[in-house]
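The values are calculated or read from the model by the stated rules, or taken from the named source; none is laboratory data. Just so you know, these numbers come straight off a predicted model, no measurement behind them. Ideal geometry is used to build each Cβ from the backbone, glycine not excepted, and the neighbour counts take in all protein chains shown.
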Amino acid sequence: MSQAFTDALNEEFPADFASRDPADLATYGKDWTKVFAPAPSLLVRPRSTDEVSRFLKLASAHGIAVVPSGGRTGLAGGAVAAKGEVVLSLERMRKIHAIDPVALTVRVEAGAITEAVHAATAEAGLFWPVDFASKGSSQVGGNIATNAGGVRVIRYGLTRHWVLGLTVVSMNGEVMELNGALEKNNTGVDLRQLFIGSEGILGVITEATLKLTRLPEKVDVFLFALDSLQGVLKLFEEARRGPFTVMAYEFFTAACSARLEKHRGLRPPFEKTPSHCVLLEVEAAKDLDGWLAGLFEKGLVLDGTLAADVSQQKSLWSLREGISESLSATGLPHKNDIALPIAKLSEFCAELESLLASRYPAWELCLFGHIGDGNLHVNIMKPDALSKDEFLKRTHEVDADMFALVKKHQGSVSAEHGIGLLKKEWLGHTRSATEIALMRQMKAIFDPKGLLNPGKVL
């Protein structure tokens, strides 16, 4: 980092704009991925789109690499600064503007916390339906940059369905206003969609106009006990035909329950912890008694409970939402986030179980996820007696076999966490050579010097 860059930084920006404090660098240089060690050279925290623009223009002129940073809750290394890059954190840009109750939109800055957006919109009886366990830490800009999924994709779709407009800053400092608050804008290529899910390699998202929907009037939450993954899939088929709209369909295994109890002291409300649990959230249910009776008559579930009120609903959801944190708090998990077409789930899961049983017969496997939209989270816990390096080496070997299965069944090596640094090797299993070449061309157009989030995705 040149003296000329440092001098210009000190002259053009406030005194608290940048930090070289080792504690700040260690904190902001990483995400939830535990594989990569943070090593940023500088942290900057702008307060406006103008400051982002002026800083990126300065960095570009001096050839300084920049890593955009949101809530850093990603699990693919997409926000890691491991090679001396400058971390650009959007956390100071948290403004949530007034809600438009007619258009059902709200304009927010990229650093706005997801849960804060939920709270603000709920006051107007509205909802931004991008929801997941890390909503208390994740930021809207990061949600958009990764096209975040979450627990209600089965009902509402991905983040990109709920973004009307974006303000994006390119690496050379140019500010782009994309689509504004328009519902309809049929005027050529929709550049907004290029930045949604691009993982910060094309530009820095600083503001967004979000599309809202009305809060569901009545929601019911169930927790069911089952004896197998195949049982989870059979129950899902039954839920699809149920007298309601499925909002969420989540599952987790007994190994996840044990880690959750160890870390948070929580356990499923059954006499005996089952091998598999399913959390089902539904809207506008009718004739629930008849539907539930049918489940037991057909032997589809071992046990079940229905939350009586909002407090009990939150308690049931805490069982699912506390899993990822609990796995990391009680050991070192090797995480995989994969997706399959719904029609391929049963066949794939049978082959996956066989693969893991043969390759990891004595290792602890924790499975959970949004199986209702084809998304499985495969977590293998490091045995205490194995070194971290040896563990990562062996799990890398099984990744090759598992991703070959994903490719065979036309799935995705990353359902919702992105590619980042962690999945680059396997991108070709899901994207064709032509697609990857086009991605490289887009990167070259928006960031010809390769300074923005370098080394990620491609």
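Tally time: how many residues in region 198-220 are within 30 Å of Gly420 (Cα to Cα) and in a strand (DSSP E or B)? Break it down stepwise before answering.
Here is the first cut: in region 198-220, the ones within 30 Å of Gly420 (Cα to Cα) are 198-212.
When the remaining residues are screened for being in a strand (DSSP E or B), the result is 204-211.
Qualifying residue count, region 198-220: 8.
Could we say that Leu223 is in contact (Cβ under 8 Å) with a residue 24 or more places away in the chain and either outside the structural domain of Leu280 (by TED's automatic domain parsing) or not in a strand (DSSP E or B) (or both) here?
Numbers: in contact (Cβ under 8 Å) with a residue 24 or more places away in the chain: yes; either outside the structural domain of Leu280 (by TED's automatic domain parsing) or not in a strand (DSSP E or B) (or both): no.
Taking the combined requirement at face value, the residue does not satisfy it.
Per-residue answers, yes or no, for (1) modelled with pLDDT of 95 or more; (2) surrounded by fewer than 21 Cβ atoms within 10 Å (Cβ to Cβ):
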| position | (1), (2) |
| --- | --- |
| Ala133 | no, yes |
| Gly136 | no, yes |
| Ile144 | yes, no |
| Gly149 | no, no |
| Val163 | yes, no |
| Thr187 | yes, yes |
| Ile205 | yes, no |
| Phe224 | yes, no |
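Would you check if Val189 is in a strand (DSSP E or B) and without any contact (Cβ under 8 Å) to a residue 40 or more places away in the chain?
On the way: in a strand (DSSP E or B): no; without any contact (Cβ under 8 Å) to a residue 40 or more places away in the chain: yes.
No.
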Considering residues of region 270-309 that are in contact with a helix residue (DSSP H, G or I) (Cβ under 6 Å, 6 or more places away or on another chain) and small (Gly, Ala, Ser) only, the residue surrounded by the fewest Cβ atoms within 10 Å (Cβ to Cβ): Ser275
Condition check for Glu390: part of a helix (DSSP H, G or I), closer than 21 Å to Ala329 by Cα and not polar (S, T, N, Q): yes
Pairs, first under 17 Å from Cys277 (Cβ atoms) in region 348-371, second hydroxyl-bearing (Ser, Thr, Tyr) and buried (at least 17 other Cβ atoms within 10 Å of the Cβ), C-beta under 9 Å, six or more apart: Leu365/Thr253; Cys366/Thr253; Leu367/Thr253; Phe368/Thr253; Phe368/Ser324; His370/Tyr249; Ile371/Tyr249
Residue in region 79-99 that is outside any helix (DSSP H, G or I), in contact (Cβ under 8 Å) with a residue 60 or more places away in the chain, hydroxyl-bearing (Ser, Thr, Tyr) and over 16 Å from Thr206 (Cβ atoms) present: no
Cβ pairs under 9 Å, 6+ apart, first in region 119-143 and within 13 Å of Val108 (Cα to Cα) and in a loop (DSSP other than H, G, I, E, B), second basic (Lys, Arg) and modelled with pLDDT of 95 or more: Trp128/Lys211
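Can you report the number of residues in region 19-34 which are within 18 Å of Ala79 (Cβ to Cβ) and either without any contact (Cβ under 8 Å) to a residue 40 or more places away in the chain or part of a loop (DSSP other than H, G, I, E, B) (or both)? Explain how you work it out, then say what you get.
Step one: filter region 19-34 for residues within 18 Å of Ala79 (Cβ to Cβ), giving 19, 23-34.
Cutting the leftovers down to either without any contact (Cβ under 8 Å) to a residue 40 or more places away in the chain or part of a loop (DSSP other than H, G, I, E, B) (or both) gives us 19, 23-24, 26-27, 29-34.
Total satisfying the criteria: 11.
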Hits in region 234-256 - residues which are within 29 Å of Phe127 (Cα to Cα) and either surrounded by fewer than 17 Cβ atoms within 10 Å (Cβ to Cβ) or more than 23 Å from the chain's Cα centre (by Cα) (or both): Leu235, Glu237, Glu238, Ala239, Arg240, Arg241, Gly242, Pro243, Phe244, Thr245
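Please find, within region 409-426, the residue that is surrounded by the most Cβ atoms within 10 Å (Cβ to Cβ) out of those that are in contact (Cβ under 8 Å) with a residue 24 or more places away in the chain and assigned to a helix (DSSP H, G or I).
Trp426
Checking the conditions here, which among Arg359, Arg259, Arg320, Arg267 is outside the structural domain of Lys234 (by TED's automatic domain parsing) and either in contact with an Asp or Glu (Cβ under 9 Å, 6 or more places away or on another chain) or crowded, with 17+ Cβ neighbours inside 10 Å (or both)? Spell out the reasoning first.
On the way: Arg259 fails: outside the structural domain of Lys234 (by TED's automatic domain parsing); Arg320 fails: outside the structural domain of Lys234 (by TED's automatic domain parsing); Arg267 fails: outside the structural domain of Lys234 (by TED's automatic domain parsing).
Result: Arg359 is the single residue among Arg359, Arg259, Arg320, Arg267 that is outside the structural domain of Lys234 (by TED's automatic domain parsing) and either in contact with an Asp or Glu (Cβ under 9 Å, 6 or more places away or on another chain) or crowded, with 17+ Cβ neighbours inside 10 Å (or both).
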Single unsatisfied condition, Lys335 versus (1) touching a residue at least 12 places away in the same chain (Cβ under 8 Å); (2) surrounded by fewer than 20 Cβ atoms within 10 Å (Cβ to Cβ); (3) of a type outside the set (Ser, Thr, Tyr): (2)
Region 64-85, residues that are surrounded by fewer than 24 Cβ atoms within 10 Å (Cβ to Cβ) and among the β-branched types (Val, Ile, Thr): Ile64, Thr73
Residues being farther than 24 Å from Ile96 by Cα and of a type in the set (S, T, N, Q) - total across region 18-51: 4
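In region 320-333, how many residues are assigned to a helix (DSSP H, G or I) and out of contact with any Pro (no Cβ under 6 Å at 6 or more places or on another chain)? Spell out how you get there, then give the answer.
Residues of region 320-333 assigned to a helix (DSSP H, G or I): 320-321, 323-330.
The next check asks that each one be out of contact with any Pro (no Cβ under 6 Å at 6 or more places or on another chain); those that pass are 320-321, 323-326, 328-330.
Counting residues in region 320-333 that are assigned to a helix (DSSP H, G or I) and out of contact with any Pro (no Cβ under 6 Å at 6 or more places or on another chain) gives 9.
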